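Novice: Could you have a look at this structure, given as structure tokens, before my questions?
The values are calculated or read from the model by the stated rules, or taken from the named source; none is laboratory data. Being a predicted model, the structure only gives us computed values, none of them experimental. Positions of Cβ are generated from backbone atoms using ideal geometry, with glycine treated the same way; all protein chains shown enter the neighbour counts. Note: areas computed on protein heavy atoms with side chains; ligands, DNA, RNA excluded. Shrake-Rupley method; radii C 1.70, N 1.55, O 1.52, S 1.80 Å.
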Amino acid sequence: MELTVVQQDALIELLNIGFGRAAASLSQLTGHRVLLEVPSVTIHAVGDVAVSLEAVIQHDVASVHQIFSGPVAGDALLLLDQSGASMLKELLTNEPALPLAFDASAREVITEVGNILLNACLGTFGNILHVQVTFSVPRLSLESVGAILESLRVHRESVRYALVIHAGFKLRDAEVRGYLVIVLSVASLDRLLREVEGWERNNR
Amino acid sequence: MNETEPRPDVFLATAARLWFEDMADRGIVVTDDALVIRAWNAWLVVHTGIAAVAAIGRPLFAVCPDIPARGLDVHYRRALDGEVRVLAHRFHRFLIPVIRSAVSGAAHEMLQTARIAPLSVDGRIVGTITIVEDVTERVVSERELRSQILVAERARAIAEDASQLKDDFLATLSHEIRTPLNAVMGWSRILRNKVDVKSRDHALDVIERNAAAQLRLVEDLLDMARVISGKLRLDVKAVDIRPLVQAAVDVVEPSAAAKHITIDISAGPDRRVVNADPDRLQQAIWNVMSNAVKFTPNGGRIDVRVTTKNRIVEVKVTDSGQGISPEFMPYLFDRFRQADGSPSRRHGGLGLGLALARQIMELHGGSISARSEGPDKGSEFCVRLPEADLLGQVALSPRSSANASTLVGIAVLLVDDSDDSREMLGIALQAYGADVTAVASTETSMEMLLGGNMPDVIVSDIGMPGSDGYELIRRVRALPLPATQLPAIAVTAYADAEHRLEALGAGYQMHMPKPVDPAIVAEAIKTLVTAARSAPKS
């Protein structure tokens, strides 16, 4: 399954609107100008996500995981490699980070950043689908990419797909790259993509 | 199943209620979809002082007006739209204001992280739940940990720097040791093959010069090792610093001449007496001098000034060399430290000279300091020592130049109860031309002096039966002029510093430990008598 050019462009445009709002919240929180960019969106079978992400993130990652439920249900994750997470925390709080395992304050900051981003992303999808989704409390974990994605596969029988959204945080002359992974059932994904195409037609 | 046994969810509901009301270690507030408070747990009652009956049934923002005042109400509106919100203390500090009293008694605001989530029943949002956690202690311990890590990292950086310095030093050391060896071995081989006189003399010159350089290097190293292990012992006596400065200058003179560097010494006509180990003091001054020569370019100039200010004797060495950069200044007197440690550096040496000079000066109770206006502006080194308290002391040059006519025309009164000692020194001093009167006791000496038989100098033993050498000199100093100014030397087996000070305090100008070298005694007599004769009679 692959995204068409039209679908990809429309998704990027939609996500950039949502992330614009998230960036504004982050700027307000931190007192620094924060920019969020979505350079690309790809789609993978859940089983293939680890392989494609392990090419860009070698070490353990900090992941913020929220489960969403409602007419459209699935998992939403923000993945940052640990140095990226520490750097983001330092940039946002102006204070040196310890290794994340020892720094609960840094984990909280990353959790809130992930919460804001995932809410923005899923809120955008909810709006376009005209459905209300509810969220679980975000959980932060420090694991390898493989272990995190493996946990998404267990106990789910239906074939699921993942939208992988590359996101770049730009603040204070630095850039931190992160990845949003939105895991959906085939039915949910189909519905989302149809709505996205409709939005695209109505806005052209 | 027993009819009376409660259903499992009753257990759960009871447990949840107990936890909520009594056991939860965080604040829990539940509202309906109009944000009116429906539940307010015991933790909140304890920490906010607001009773559950006073909170329940009232709007959340009326009970906690701080939430809308700080713009945090948006999170509740989002929760009613189905979003979960987490609020990190780092961004928001707290959600519900609580003033804590710490053990120290100081009141401060509780730091909190909070979660705000929608409550939904059958897919419909009916309210919110907020959980507030006190993270104050955790934040304090994280801050502590962070600062400890910083301290540890700083310490590690310093240790790594020191270890790097040692590595650099070893590299420099092996280079500095090889360089003279290379010349020695090379010229030795040439000697083996060539036999003509001219090249043989040159070869021997080179070998000797390089061997001497090697020796200097090894001595510096050994001295530094002694300083580090606290084994460098000083043999302190009262010395005139001027000849030591001259001797140090003499050592560097050939290398200065090779670079056409002019060295100008001004030390004044007066003795500048300090308590010092003359060899070590000369070594310190020599190190400063050789540093000046090393860093002064061809045709440069070095001024050496010896002055006394406020009872401090100061040797100031000013050069027109490359100066010292402000960055290097704090490390100037550190061991192994060189401004340019690179392999391509222009100057040789181990980087020990100034460190040794500083250690030596500090062991003497003196100091060394440097000043420079910056690169290419020259530098100024200043060695300082307190002036010796005991007046009338005289310096000895380390090597004697006494000969058969040194003591001609000088009358010596030699006092020693030991026949062998008296005889040995008497004969020796006569050999230098002295007119020696040798007696065995203080009594005999005093009789002679009181009889008007006045020598030019007294040389006396200290440990004598009856009236000892201290007694003798006290009685001499109590006589009318000119005996009060009669030069006197104590020659004694009591060699330690304490006895030396006692002898000087009793009235001797000089103290020489046995066994003595008669040549040195002769030289000392000559110096003292010459000084006494040229001194104005008061």
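Novice: Please give the average number of partner chain Cβ atoms lying within 10 Å of the Cβ of each residue in B:111-117, rounded to a whole number.
Specialist: Neighbouring Cβ atoms belonging to other protein chains average 2 per residue here.
Novice: Give me the base-10 log of I(q)/I(0) for chain B at each q in 0.07, 0.13 Å⁻¹, Debye formula, one uniform scatterer per Cα, rounded to two decimals.
Specialist: -0.65, -1.23
Novice: Only four residue types carry charge here, +1 at the Cβ of Lys and Arg and -1 at the Cβ of Asp and Glu. Report the dipole size of the protein assembly as shown about the Cα centre in Debye, rounded to the nearest 20. All intermediate terms of the calculation are to be shown ahead of the outcome.
Specialist: Numbers: 76 positive and 92 negative charges, 302 e Å.
Dipole size: approximately 1440 debye.
Novice: Now a separate question. Quote the FRET efficiency, to the nearest 0.05, computed for B:LEU450 versus B:VAL218 with a Förster distance R0 of 56 Å and r equal to the Cβ-Cβ distance.
Specialist: Calculated transfer efficiency: 0.45.
Novice: Quantify how strongly other chains surround peptide B:135-143 by giving the mean number of their Cβ atoms within 10 Å of each of its Cβ atoms.
Specialist: Average per residue, whole number: 2.
Novice: Taking Cα pairs under 8 Å and at least six residues apart, what relative contact order does chain B come out at, in percent? Don't skip to the end; give the middle numbers.
Specialist: On the way: 851 pairs, mean separation 42.8, N = 538.
Once divided by the residue count of chain B, the mean separation gives 8 percent.
Novice: Sequence gap at least 6, Cα distance under 8 Å: using those rules, report the relative contact order of segment B:237-386 to the nearest whole percent.
Specialist: Values: 289 pairs, mean separation 38.0, N = 150.
Relative contact order of segment B:237-386: 25 percent.
Novice: At 7 Å along Cα-to-Cβ for each site, give me the label-to-label distance between B:LEU145 and A:GLU2 in nm.
Specialist: Between B:LEU145 and A:GLU2, the simple spin-label model gives 4.7 nm.
Novice: Which listed residue (A:GLY18, A:ALA97, A:LEU142) has the Cα farthest towards the positive end of the charge dipole for the protein assembly as shown, taking +1 on Lys and Arg C-beta and -1 on Asp and Glu C-beta about the Cα centre?
Specialist: The listed residue farthest towards the positive side: A:GLY18.
Novice: Related question: I'd like to check one number: the per residue accessible area of chain A, probe 1.4 Å, reported in Å² as a whole number.
Specialist: Per-residue accessible area for chain A comes out at 43 Å².
Novice: Further question on the same structure: Hey, if you put +1 on the Cβ of every Lys and Arg and -1 on every Asp and Glu Cβ in segment B:51-105, which of B:ILE56, B:LEU95, B:LEU80 ends up farthest toward the positive end of that dipole?
Specialist: Farthest towards the positive pole: B:LEU95.
Novice: Still on this structure, I have one more. Given a 1.4 angstrom probe, I'd like the percentage of the accessible area of segment B:8-134 that is carbon and sulfur, rounded to a whole number.
Specialist: That share works out to 59 percent.
Novice: Using a 10 angstrom Cβ neighbour count of at most 10 plus a DSSP loop assignment to flag exposed trypsin sites (Lys or Arg not before Pro), which longest range of chain B is free of such sites?
Specialist: No qualifying site falls inside B:1-230, the longest such stretch.
Novice: Follow-up. Note down the relative contact order for segment A:1-71 as a percent, whole number, built from C-alpha pairs under 8 angstrom at least six residues apart. Present the calculation step by step, with values, prior to reporting the outcome.
Specialist: Numbers: 32 pairs, mean separation 25.1, N = 71.
Relative CO of segment A:1-71 lands at 35 percent.
Novice: A further question on this structure: Is the shape of segment B:30-118 rounded, prolate or oblate, going by the alpha carbon gyration tensor and its root eigenvalues a ≥ b ≥ c, with a/c under 1.5 for rounded and a/b larger than b/c for prolate?
Specialist: In terms of gyration-tensor shape, oblate.
Novice: Could you give me the ³J(HN,Hα) list for segment A:105-122, computed from phi with Karplus coefficients 6.51, -1.76, 1.60 and θ = phi - 60°, whole Hz, x at Gly and Pro?
Specialist: 5, 5, 4, 5, 4, 5, 4, 5, 4, x, 4, 5, 5, 5, 4, 4, 5, 6
Novice: Using θ = phi - 60° and the Karplus curve 6.51 cos²θ - 1.76 cosθ + 1.60, what whole-Hz ³J(HN,Hα) does each residue of segment B:278-294 get, with Gly and Pro shown as x?
Specialist: x, 5, 5, 5, 4, 4, 4, 5, 4, 4, 5, 4, 6, 4, 4, 5, 4
Novice: Of B:VAL304, A:LEU35, A:PHE68, which is farthest on the positive side of the dipole of the protein assembly as shown, counting Cα position, with +1 on Lys and Arg Cβ, -1 on Asp and Glu Cβ, and the Cα centre as origin?
Specialist: Projecting each Cα onto the dipole axis, the largest value belongs to B:VAL304.
Novice: Of the listed peptides A:80-88, A:23-31, what is their order by residue-averaged count of other C-beta atoms within 10 Å, with the highest listed first?
Specialist: So the order, starting with the most tightly packed, is A:80-88, A:23-31.
Novice: Based on alpha-carbon positions alone, could you give the equivalent ellipsoid semi-axes of segment B:149-229 from the gyration tensor, as √(5λ), descending, whole Å?
Specialist: Square roots of five times the eigenvalues give 42, 14, 6 Å.
Novice: With each label point set 7 Å from Cα along the Cα-Cβ vector, what nm distance links A:SER52 and A:ARG139?
Specialist: 2.6 nm
Novice: For B:GLY321, enumerate residues with amide H under 5 Å from its amide H, sequence gap 5+ or separate chain, H modeled in the peptide plane.
Specialist: B:GLY378, B:SER379
Novice: Please find the FRET efficiency linking B:GLU160 to A:ASN203, where r is the Cβ-Cβ separation and R0 is fixed at 45 Å, and quote it to the nearest 0.05.
Specialist: Values: r = 60 Å, r/R0 = 1.33.
Plugging the Cβ-Cβ distance into 1/(1 + (r/R0)^6) gives 0.15.
Novice: Leaving out ligands, DNA and RNA, and with a 1.4 Å probe, what % of the accessible surface on segment B:411-534 is carbon or sulfur?
Specialist: 54 percent
Novice: For the pair B:SER199/B:ARG7, report the inter-label distance in nm, with labels modelled 7 Å from Cα in the Cβ direction.
Specialist: Rounded to a tenth, the inter-label distance reads 11.7 nm.
Novice: Also: Let me confirm one metric for peptide B:85-95, namely the mean number of other chain beta-carbon atoms within 10 Å of its residues' beta-carbons.
Specialist: 6
Novice: Now a separate question. Based on the alpha carbons, how large is the Rg to Rh ratio for segment B:411-534 when Rh follows Kirkwood?
Specialist: 0.92
Novice: Where a ≥ b ≥ c are the square roots of the eigenvalues of the C-alpha gyration tensor, would you call segment A:1-159 rounded, which needs a/c under 1.5, or, failing that, prolate if a/b is larger than b/c, or oblate? Intermediate results must be reported in sequence, preceding the final value.
Specialist: Working: a/c = 1.58, a/b = 1.20, b/c = 1.32.
Cα axes put segment A:1-159 in the oblate bin.
Novice: Shifting gears a bit: Compute, for chain B, the length of the dipole vector about the Cα centre, with Cβ point charges of +1 (Lys, Arg) and -1 (Asp, Glu) only. Units Debye, rounded to 20.
Specialist: Charge dipole of chain B: 1540 debye, to the nearest 20.
Novice: Return a single number: how many Lys pairs in chain B, at a sequence separation of 8 or more or on separate chains, have alpha-carbon atoms below 28 angstrom apart.
Specialist: Lysine pairs, 8 or more places apart or on different chains, close enough: 19.
Novice: Let me spell out the model: positive unit charges on the Cβ of Lys and Arg, negative unit charges on the Cβ of Asp and Glu, origin at the Cα centre of segment A:93-204. What dipole size does that give, in debye rounded to 20?
Specialist: Magnitude of the dipole: close to 340 debye.
Novice: Taking R0 as 25 Å, what's the FRET efficiency between B:ARG477 and B:SER418 from their Cβ-Cβ distance, rounded to 0.05?
Specialist: Once rounded, the FRET efficiency stands at 0.55.
Novice: Sticking with this structure for a sec: With runs of 4+ DSSP H residues as the only contributors, calculate the mean residue ellipticity of chain B at 222 nm using -39,500 (n - 2.57) per run, divided by the residue total and rounded to the nearest 500. Provide the component values of the computation, followed by the final result.
Specialist: Details: 17 runs with 237 residues, N = 538.
Computed ellipticity for chain B at 222 nm equals -14000 deg cm²/dmol.
Novice: Determine the principal axes of the Cα atoms in the protein assembly as shown, then give the extent along each, sorted from largest to smallest and rounded to whole angstroms.
Specialist: Largest first, the protein assembly as shown extends 135, 74, 53 Å along its Cα principal axes.
Novice: Taking 0.36 nm per intervening residue step and subtracting the Cα-Cα distance, what contour gain separates B:ALA34 from B:ARG58 on full extension?
Specialist: 7.6 nm
Novice: B:ARG70 to B:ARG124: extension gain in nm, 0.36 nm per residue of separation minus the Cα-Cα distance?
Specialist: Result for the pair: 16.6 nm of gain on full extension.
Novice: Considering only protein heavy atoms, what per residue accessible area in square angstrom results for chain B with a 1.4 angstrom probe?
Specialist: Spelled out: the 1.4 Å probe surface of chain B, per residue, equals 53 Å².
Novice: What accessible area, summed over both chains, is buried at the B-A interface (1.4 Å probe, Å², nearest 100)?
Specialist: Buried area (both sides, nearest 100 Å²): 2200 Å².
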